[in-house]
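What follows is a set of notes on a single structure, which appears directly below.
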Amino acid sequence: MSKKFQILINTLLLLYFIPIAAQEYPAPKHEVRAVWIATVMGLDWPKSLAPIVQQQTLHEIVMNLKGAHFNTLFFQVRGRADAIYKSYYEPWSHILTGTLGQDPGWDPLAFIIEDAHANGMEMHAWFNTFLVKSGGTLPSESEPRHIMLQHPEWIYRVNGEWWLNPGIPAVRDYMVNVAMDLVRNYDVDGIQFDFIRYPGRNIPDEETYRQFGNGLSKDDWRRENVNKFLRAFHDSVRLLKPILKIGATPIGIYTNFEDTRGQQSYSELYQDSRQWLKEGIVDYLVPQVYWSLGTTRGDPDFALIAKDWAKYTFGRHIYIGIGAYKSDVLSEIPSLIDTVRSAGLDGVSFFRYENIKNAMGLGERFQTLSIIPPMAWKDSAIPVSPISFEVSNISDGIFQLRWTLPDPSLGDDAARSFAIYRSSHQPMDVTTSANLIAIVSEETDSFIDTISHITASKYYYAITSLNKEYNESQPAIESIVIPEIVELARRYEFRFTLGQNYPNPASDYIFIPYEIGATSPVIIKLIDDKNQEVISVVDAIQPPGRYVAAARISNLKDGNYSYLLMAGAFSQKRIFRIDN
């Protein structure tokens, strides 16, 4: 037996003592994991005007997010009627060179699209819609001229900000043209409209209403103005790029309900986002639910609002926006992710990169990979499976996977990426993120898998094709046998036994080692001194092997407790103490 393999065997035996982090809601296989990257006012933008530094910083952002298992970027391309891309209609943003309208000599949007796609992430253009200027001074002259200088008659000022008037048909036409110019010239996966609303109720648009109100109440007219813009953009995109995803970021509360009170997007800002979903003119929403759980300072409750959004999806996607810029929200992020998952929603997005970059551990909630949820209403074609799939053993714990690429000329049936799964159990389950180990590009026909801790004598691998819309093919499945583990298994038989907990006395967490001699229903409970169950630690069917269960006990009082293992006809109890 090789020295390297002996180390692996020793590691296998030491697994008895490795703690396993517990999650209340396991990561779903399909989930959007997004971050807003804000360029306005240079918030997430590099502080240097040097293009090479700007490019390096953008690449670092992409790689940091990839390493933390994010899969979607919301990159701000239009902040205040200026552009982080080559726009026919609007000037280059001043944050690129220090001067509004000055060509930076490179294209940040094209750069980050290419980098994101090369690293398996979607890139959506985050587009501030009707808000065009903050502060009291007029923009400087540029080419093209800023919209405030081109059409001052389209603009009104509210609370120190300048907004386009959506009630003017020419404004809506202009915004469709600006957005379609971007869509036409860049390979973005989606476009996301922010500030797609009015600034409030007190708006100087009486003259516009008299001219274009057409018998509607002013409130309904304002909502319909926003609806008309979205409909016009949706219809234009459908003709040019029907697969492009259209999203929007409404304020967190649609309307007040039950005990939840706050700014209402429907009646105060004229965002009828549920109508957008119902009509199918958006594919997803990212409500800005920037509060914490069960707040007591008068803020709305994150959990109640997330559940309210889950009631009104109309078959489209909802990703909940999380306000990571708030310290109380940042501290609750693992629980907020659990809340979104428990509500059955499709993902989360964090505002913004600078606020989340030092907290990407996320309580291990993104420990496994995830695939972006498919949108069946846009594309339901199933791609062709990879063919000639083979798995070979390079050395102990290192395996090579090879396959033949499907024909790229198959259109919607062609693969845009491949998902790779690994399991030590049969049948191979490709529905769980726990078995998803890699997502590789459509140009890749091989993969090297390294298993750090070998725990089985046989592993099963599966590979599937994913098309542009993340529809998934049937899996191709192969297995590989590790002869040394088979030999070891013959010489060693597992038995039913319950080990001593660690640490003892316990505080914060308790780790419970145990061994199962045959596939069995396994239950482990913590019991207090009155023989009452206080925590259910394990309730699952498990194959033979050695395990370590973990439970958080910081909410339990000090004193004597016991833990009970029941596996089939076997049961055993041990006593331990909690000293917090």
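Counting the residues of region 526-564 that are farther than 13 Å from residue 576 by Cβ, of a type in the set (D, E, K, R) and either free of Cβ contacts under 8 Å to residues at least 12 places away in the same chain or surrounded by 15 or more Cβ atoms within 10 Å (Cβ to Cβ) (or both) gives 3. Assess whether residue 115 counts as being assigned to a helix (DSSP H, G or I), surrounded by fewer than 24 Cβ atoms within 10 Å (Cβ to Cβ) and either free of Cβ contacts under 8 Å to residues at least 12 places away in the same chain or in contact with a strand residue (DSSP E or B) (Cβ under 9 Å, 6 or more places away or on another chain) (or both). Criteria met by residue 115. In region 179-202, is there at least one residue being over 30 Å from residue 84 (Cα atoms) and either surrounded by 18 or more Cβ atoms within 10 Å (Cβ to Cβ) or in contact (Cβ under 8 Å) with a residue 24 or more places away in the chain (or both)? Looking through region 179-202, at least one residue is over 30 Å from residue 84 (Cα atoms) and either surrounded by 18 or more Cβ atoms within 10 Å (Cβ to Cβ) or in contact (Cβ under 8 Å) with a residue 24 or more places away in the chain (or both). Checked against the criterion of being under 24 Å from residue 254 (Cβ atoms), among the β-branched types (Val, Ile, Thr) and touching a Phe, Trp or Tyr at 6+ places or on another chain (Cβ under 9 Å), the candidates 320, 387 yield just one match: 320. Looking across 134, 142, one residue alone is surrounded by 15 or more Cβ atoms within 10 Å (Cβ to Cβ), polar (S, T, N, Q), in the same structural domain as residue 248 (by TED's automatic domain parsing) and more than 29 Å from residue 243 (Cβ to Cβ). It is 142.
Here is a yes/no grid of residues against (1) under 28 Å from the mean Cα position of the chain (by Cα); (2) within 30 Å of residue 234 (Cα to Cα):
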{"position": "391", "(1), (2)": "no, no"}
{"position": "397", "(1), (2)": "no, no"}
{"position": "409", "(1), (2)": "no, yes"}
{"position": "413", "(1), (2)": "yes, yes"}
{"position": "421", "(1), (2)": "yes, no"}
{"position": "435", "(1), (2)": "yes, no"}
{"position": "441", "(1), (2)": "yes, yes"}
{"position": "447", "(1), (2)": "yes, no"}
{"position": "473", "(1), (2)": "yes, yes"}
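Between 187, 219, the distinction of being farther than 24 Å from residue 323 by Cβ, part of a loop (DSSP other than H, G, I, E, B), acidic (Asp, Glu) and assigned by TED's automatic domain parsing to the domain that holds residue 314 belongs to 187 only.
Applying the condition of being out of contact with any strand residue (DSSP E or B) (no Cβ under 9 Å at 6 or more places or on another chain) and among the β-branched types (Val, Ile, Thr) to region 145-178 and asking which residue is surrounded by the fewest Cβ atoms within 10 Å (Cβ to Cβ) yields 158.
Quick one: how many residues across region 543-566 are over 30 Å from the mean Cα position of the chain (by Cα) and assigned to a strand (DSSP E or B)? So the count comes out to 11. For the residues 46, 28, 91, the requirement of being within 25 Å of residue 438 (Cβ to Cβ) and of a type outside the set (A, V, I, L, M, F, W, C) singles out 28.
More than 22 Å from residue 433 (Cβ to Cβ), aliphatic (A, V, I, L, M) and either modelled with pLDDT of 95 or more or in a helix (DSSP H, G or I) (or both): is that true of residue 35 in this structure? Against the criterion (more than 22 Å from residue 433 (Cβ to Cβ), aliphatic (A, V, I, L, M) and either modelled with pLDDT of 95 or more or in a helix (DSSP H, G or I) (or both)), residue 35 does not qualify. Taking into account only those residues within region 274-321 that are at pLDDT below 95 and on the phi > 0 side of the Ramachandran plot, which is nearest to the chain's Cα centre (by Cα)? Here the answer is 294. Among the residues of region 369-377, is there at least one that is out of contact with any Leu (no Cβ under 9 Å at 6 or more places or on another chain) and among the polar types (S, T, N, Q)? Within region 369-377, none of the residues are out of contact with any Leu (no Cβ under 9 Å at 6 or more places or on another chain) and among the polar types (S, T, N, Q).
Under the condition of being β-branched (Val, Ile, Thr) and surrounded by 13 or more Cβ atoms within 10 Å (Cβ to Cβ), the residues counted in region 38-60 number 3. The single condition from (1) over 17 Å from residue 504 (Cβ atoms); (2) in contact (Cβ under 8 Å) with a residue 60 or more places away in the chain that residue 577 fails is (1). Restricting attention to region 115-142, the residues being out of contact with any helix residue (DSSP H, G or I) (no Cβ under 9 Å at 6 or more places or on another chain) and under 19 Å from residue 77 (Cβ atoms) number 4. Residues that are surrounded by fewer than 19 Cβ atoms within 10 Å (Cβ to Cβ) and out of contact with any Gly (no Cβ under 9 Å at 6 or more places or on another chain) were ranked within region 247-273; the one that is modelled with the lowest pLDDT is 259. Could you check, for region 292-302, whether at least one of its residues is in a loop (DSSP other than H, G, I, E, B), charged (D, E, K, R) and touching a Leu at 6+ places or on another chain (Cβ under 6 Å)? Checked against the condition, which is being in a loop (DSSP other than H, G, I, E, B), charged (D, E, K, R) and touching a Leu at 6+ places or on another chain (Cβ under 6 Å), region 292-302 yields no hits at all.
Here region 379-416 is the region considered, the condition is being under 20 Å from residue 120 (Cα atoms) and of a type in the set (Asp, Glu), and the residue that is modelled with the lowest pLDDT is 412. Evaluating residue 125 against the criteria (1) part of a loop (DSSP other than H, G, I, E, B); (2) touching a residue at least 60 places away in the same chain (Cβ under 8 Å); (3) small (Gly, Ala, Ser) leaves one unmet condition, (1).
Within region 451-469, restricting attention to residues that are at pLDDT 90 or above and assigned to a strand (DSSP E or B), the residue that is surrounded by the most Cβ atoms within 10 Å (Cβ to Cβ) is 465.
If I ask for residues that are in a loop (DSSP other than H, G, I, E, B) and either under 32 Å from the mean Cα position of the chain (by Cα) or within 16 Å of residue 209 (Cβ to Cβ) (or both), which ones from region 153-179 would you list? 165, 166, 167, 168 - these are the residues of region 153-179 that are in a loop (DSSP other than H, G, I, E, B) and either under 32 Å from the mean Cα position of the chain (by Cα) or within 16 Å of residue 209 (Cβ to Cβ) (or both).
Of all the criteria given as (1) at pLDDT below 90; (2) outside any helix (DSSP H, G or I), the one not satisfied by residue 534 is (1). Within the span defined as region 508-518, one or more residues are outside any strand (DSSP E or B) and touching a residue at least 60 places away in the same chain (Cβ under 8 Å). Look through region 426-450, keep the residues that are hydrophobic (A, V, I, L, M, F, W, C) and part of a strand (DSSP E or B), and return whichever of them is surrounded by the fewest Cβ atoms within 10 Å (Cβ to Cβ). My answer is 448.
The values are calculated or read from the model by the stated rules, or taken from the named source; none is laboratory data. Given the structure is predicted, the values throughout are model-derived calculations rather than measurements. Note that we place each Cβ from the backbone using ideal geometry, even for glycine, and neighbour counts take in every protein chain shown.
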